[in-house]
Amino acid sequence: MDRLEYLIESCKKNDRSAQREIFEMYSAKMLGICRRYCKTLEDAQDMFQEGFLKVFTNFDTFKGESSLETWMKRIFINGALNQYRKAHMKHDHVEFEPELHDTQANPDDDETMFSGISSEYLLNSLQQLPEQYRIVINMHILDGIGHKQIAAMLNTTESNSKSRLSRARVMLKKLLMKRK
Amino acid sequence: MNKEYNISKLLKQNLEGYESFVDAGQWDVLSARLNAYDRKRILLLWSNVVVGFIILLLFSTAFFNSTKTEKPHSKSMKNNSEKTIVDVSPEVFIPNPEKPIDRNPKNASTNPDFDQSQNEDHSLEVPKGSTDKDKGVISEMVEVPYESMNHFEKMFMLSKIPAFSFEHPFTISPPLPLPLEKSEPLSKNKTEPINGKWELGIMTTPSVANKILNSDKTNGWLINRDFFGITEKSEKRSGGFQSSFAVQFNLNSIWFLQGGLTYSEKRESVSYNHIIKDEIIVSQTEKRLIYNEAPRIQWIKVSGSGINKYTFIELPLFVGFKHKINDKLEWRSRGGVSYWRLIDKQGTKIDPTILTLNNLSDSKDYTKSNLGFAINSGFYYNLSPAMKFLVETGASMAMTNLTKGSPVITKPYSYGLNVGIQYIIIK
């Protein structure tokens, strides 16, 4: 039994020191996910706490069918989706509709335009996107979830998911261009 | 290569597997939340056990009561007794002082005063299986003070003829002529008689007391990363007691309402021994605490020990039920909400942000009015007809947050063994 397996078994027995080790192993990655999905650091920290609480209180449901990281990631993404659904139920409107005409005429310039953008800046730009666009861009591009699955998870259509992604890309590009 | 591909590529390059710096205090907050979750789970488990037990008792009480009222004996008894009330005519029963009535059915044929049909009509058959208590209800009904008797009744008493004679094993002779209004409760005696409408009681409860600490959703970020760890280590023992004066109103032979006044104390023994090594900057804009390691010379030692005491006056409002086990013993369960008034607090408490020790009595971070709930269940033993001795288990917990304006949520709870005396004051 390797160290990770031992930690997993200990976590299932509610061993606090094993939980701490797992926390230290994955906390940075999970907070990264939370920050991608949330608008502010405070929201991300809330989601991070809730996510880990769910992870440790439901550890006995982890069957080892996927890696621990994938399982945890799914819990955190589900947490973000739940938060979105709750907010969406309360405020059933689009935060703002962007103008969709692309200001950049020549796509070949993109390569040079986007060079030198830091992760923090990109994250900051991503966080400025309306929630429904941010979620789709995160799920599809960064977490590799297909449009069919996204549509099912967000209770929308596949074409709507694709259209949101397209809009999100244009908006993000516009935001990045403001840097110049 | 199109523009969409570039955005995707850019995002993947920069944010796929993106890691963010995690504040060391995050684990402490999570650890405290996990501890609180564990405690809640245990409490929930026990409350489920108690609720299950109460439901079981309710069902068993309902079951036993239904089987008791369905007995055919009881029905015939009721019919007979009602008949006795209606059919009794004072003239029939006026005894002849000169000639005592022979009530023995064996002598019916020889005794001209003894009318067999009259005996059949008015006699009350005591069914097999009926208790002395059933008879007692009847005898209680015919008890009339000597002063209020009329001339013939007094004569009857003087002739030493008993009001009831039990010569025949299953027959009670007709009762004395009495004003009908005195017999009124008889038709209501379908269930067991209520001992008293109102009961007063005093009880005291030594208990195990503690509190659930959690972070407040809005101000939780103000909690120092070391706070929960220090608190966990500093609280050595905790306990408490409560003394209650209870007033109980019996709605019927099973259900009752209870109110009263409770004085309760919750205590914790604390011992702080901590060194503050960080210089803390509160960033209101970012809503986080920034920790800078202070030079050794600026380290501050926080130490102290003592007992923290929280005193409450509680006003409970309970609903409960009782199940009679035998003549002496009954089981009672009660539960409901309780208003808690914090009247005093003494000791020291640690500031959740800067970790210094403050005087509890000076602290304004406490809500005076709180709401809690409590459940109790146990045995009541009849010491005398008017006095009961009780032993029961009880648990109570605050529903509202005791601390206000603090980033820490505090909800005290306690569980223990009630011991007390209860008096029946109004019959």
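The values are calculated or read from the model by the stated rules, or taken from the named source; none is laboratory data. As the structure is a computational prediction, the values presented were derived from the model and not from experiment. Here Cβ is always computed from backbone atoms with ideal geometry, including for glycine, and neighbour counts include all displayed protein chains. The protein model used for the area step is the full one, side chains on, heavy atoms only, and it has no ligands, DNA or RNA in it. Shrake-Rupley method; radii C 1.70, N 1.55, O 1.52, S 1.80 Å.
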With +1 on the Cβ of every Lys and Arg and -1 on the Cβ of every Asp and Glu, the dipole magnitude of segment B:280-403 about its Cα centre, in debye rounded to the nearest 20, is 180 debye
Counting only other chains, what is the mean number of Cβ atoms within 10 angstrom of the Cβ of each residue in peptide A:48-59?
3
Hz values of 3J(HN,Hα) by residue in segment B:316-330 - Karplus curve (6.51, -1.76, 1.60), Gly and Pro given as x
x, 9, 10, 10, x, 9, 10, 10, 7, 8, 8, 4, 9, 10, 9
Under the Debye formula (equal points on every Cα, no solvent term), log10 I(q)/I(0) of segment A:3-90 at q = 0.12 Å⁻¹
-0.36
Segment B:344-407 - Rg and Dmax from Cα coordinates, angstrom
19.2, 60
In terms of solvent-accessible area of protein heavy atoms at a 1.4 angstrom probe, what is the ranking of B:T367, B:T262, highest value first?
B:T367, B:T262
At a Förster distance of 41 Å, what's the computed FRET efficiency of A:T57 paired with A:K178, Cβ-Cβ distance as r, to 0.05?
0.45
From the phi of every residue in segment B:346-358, what ³J(HN,Hα) in whole Hz does the Karplus formula 6.51 cos²θ - 1.76 cosθ + 1.60 yield, where θ is phi - 60° and glycine or proline is x?
9, x, 10, 9, 8, 5, x, 9, 9, 6, 8, 8, 10
Please give the average number of partner chain Cβ atoms lying within 10 Å of the Cβ of each residue in B:236-244, rounded to a whole number.
0
Please list B:K217, B:K211 in order of solvent-accessible area, largest first, computed with a 1.4 Å probe with all protein chains present.
B:K217, B:K211
Holding the Cα-Cα limit at 32 Å, pick out from B:K328/B:K368; A:K178/B:K287; A:K12/B:K345; A:K54/B:K233; A:K29/A:K148 the pairs that are longer than that.
B:K328/B:K368; A:K12/B:K345
Residues with amide H under 5 Å of B:Y18's amide H, sequence separation 5 or more or different chain, H placed in the peptide plane at 1.01 Å from N; which?
none
Take peptide B:216-224, look around each residue's Cβ out to 10 angstrom, count Cβ atoms belonging to other protein chains, and average those counts.
1
Please pull out the direction-averaged projected area of segment A:107-177, using the convex hull of its alpha-carbon atoms, in nm² to one decimal place.
4.9 nm²
Per-residue HN-Hα couplings for segment B:208-220 [Karplus 6.51, -1.76, 1.60; θ = phi - 60°; Hz; x = Gly/Pro]
8, 10, 7, 9, 9, 9, 8, 8, 6, 5, 7, 9, x
